[in-house]
Amino acid sequence: MRRILVTGISGFIGSCISPAIKGAGFEVHAISRGMKAQSATGVVFHDADLDDTLQVRQLIDRLRPSHLLHLAWYAEPGLFWRSPENVKWVEKSLALLKAFAESGGERAVFAGTCAEYTWGAPKMIELVTPCEPATLYGIAKDSLRRVAEAYSQSIGVEFAWGRIFFLYGPGEKPGRLVSDAIRSILDKKPFATTDGRHRRDYMHVHDVAGAFAALCESSIVGPVNIGSGNALPIRAILTEIAEQLGGTQFLQFGARPLSETEPEIIEADVGRLEKTGFVPRFDLKRGIADAIAWWTRQLPAL
């Protein structure tokens, strides 16, 4: 059985990754700071700190994973775009990749972002659309991808880069569009938003996890968009939420201006993703229902 080491397994995507990765036939190990080694969920957790390069190297030398899935990054809503933490994560990620490669690792898959692209194209195509990111977050991710890709090619390690578009679903933090809309309407409070005519490519988090599992199992290298390939108007997404909750009266379209820097559409071309064999499980209606069900269970405890 192939052995995979996963970072960020306690995060939004990472918390969904275990069933998908195990389904692909991997023995799953995870780095998670503050957690004692255990395997009750079918994942063996290792208490290690990615800031400690020596500790990480010793763990990798002991495990000798054939695959590496690196999801961890600083992702505090509203703050990650320009945080200096992005620079630290470039350093940590390169050290992780180097340790993995030097231990005999075969294939690494890292999480990127659609914020690497230059906005404005009707579809973002991995090997066609230019990458000129406008934020420190996007610049850090794009820089990491370039160095990691060149390094991996030079030493014969397969390297793939999953560019995540927009996502939602169970476990989403407050401060993001779908989670905030659901919480507001469940609380019977007005939800102020833009006119909602700009279109964004949203994917349910379980499908994002499934796409990463498929990418780990495949032999495709280089950047691969992780998205639905179907950008919907924000108005349509919010209306679906409100209709399922019976609260369309709480939506206040046009109450907030849309930033001049926001493009009309951000949509993934998913041709390369489809070559991995990945097939999404959730359409918008089913995905929103799943997110609502999760938040409905959480809110009484908040």
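The values are calculated or read from the model by the stated rules, or taken from the named source; none is laboratory data. What you see is a predicted model; the values in this text were computed from it and never measured. Counting neighbours? That spans all protein chains shown, and the Cβs are built from the backbone with ideal geometry, glycine included.
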Exercise for review: Report yes if residue 93 is touching a helix residue (DSSP H, G or I) at 6+ places or on another chain (Cβ under 6 Å), crowded, with 19+ Cβ neighbours inside 10 Å, hydroxyl-bearing (Ser, Thr, Tyr) and assigned by TED's automatic domain parsing to the domain that holds residue 10, otherwise no.
Suggested key: yes
Revision key, fill the gap. Per the filter on region 284-302, residues within 26 Å of residue 119 (Cβ to Cβ) and surrounded by fewer than 20 Cβ atoms within 10 Å (Cβ to Cβ) are 284
Revision key, fill the gap. Going through region 102-130 in order, the residues found to be within 20 Å of residue 228 (Cβ to Cβ) and of a type in the set (Ser, Thr, Tyr) are 113, 117, 129
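Kindly indicate whether any position in region 206-225 is among the β-branched types (Val, Ile, Thr) and over 25 Å from residue 66 (Cα atoms). Let's see the steps before the verdict.
From region 206-225, those among the β-branched types (Val, Ile, Thr) are 208, 220-221, 224; that's our starting set.
Remaining after also requiring over 25 Å from residue 66 (Cα atoms): none.
Taking every residue of region 206-225 in turn, none turns out to be among the β-branched types (Val, Ile, Thr) and over 25 Å from residue 66 (Cα atoms).
Would you point out the residue of region 153-169, among those that are among the aromatic types (Phe, Trp, Tyr), under 17 Å from residue 124 (Cα atoms) and in a strand (DSSP E or B), that is farthest from the chain's Cα centre (by Cα)?
So the first thing to find is which residues in region 153-169 are among the aromatic types (Phe, Trp, Tyr), and the list is 159, 161, 165-166, 168.
This time we only want the ones that are under 17 Å from residue 124 (Cα atoms), so: 161, 165-166.
From what's left, in a strand (DSSP E or B): 161, 166.
Working: 161: 11, 166: 8 Å.
If we take residues in region 153-169 being among the aromatic types (Phe, Trp, Tyr), under 17 Å from residue 124 (Cα atoms) and in a strand (DSSP E or B), then 161 is farthest from the chain's Cα centre (by Cα).
What are the residues in region 189-243 that are among the polar types (S, T, N, Q), part of a loop (DSSP other than H, G, I, E, B) and crowded, with 17+ Cβ neighbours inside 10 Å, if any? Walk me through it before giving the result.
Kept after step one, since they are among the polar types (S, T, N, Q), are these residues of region 189-243: 193-194, 218-219, 225, 228, 230, 239.
Of the ones still in play, those that are also part of a loop (DSSP other than H, G, I, E, B) are 193-194, 218-219, 228, 230.
Of everything in region 189-243, those that are among the polar types (S, T, N, Q), part of a loop (DSSP other than H, G, I, E, B) and crowded, with 17+ Cβ neighbours inside 10 Å turn out to be 193, 194, 218, 228.
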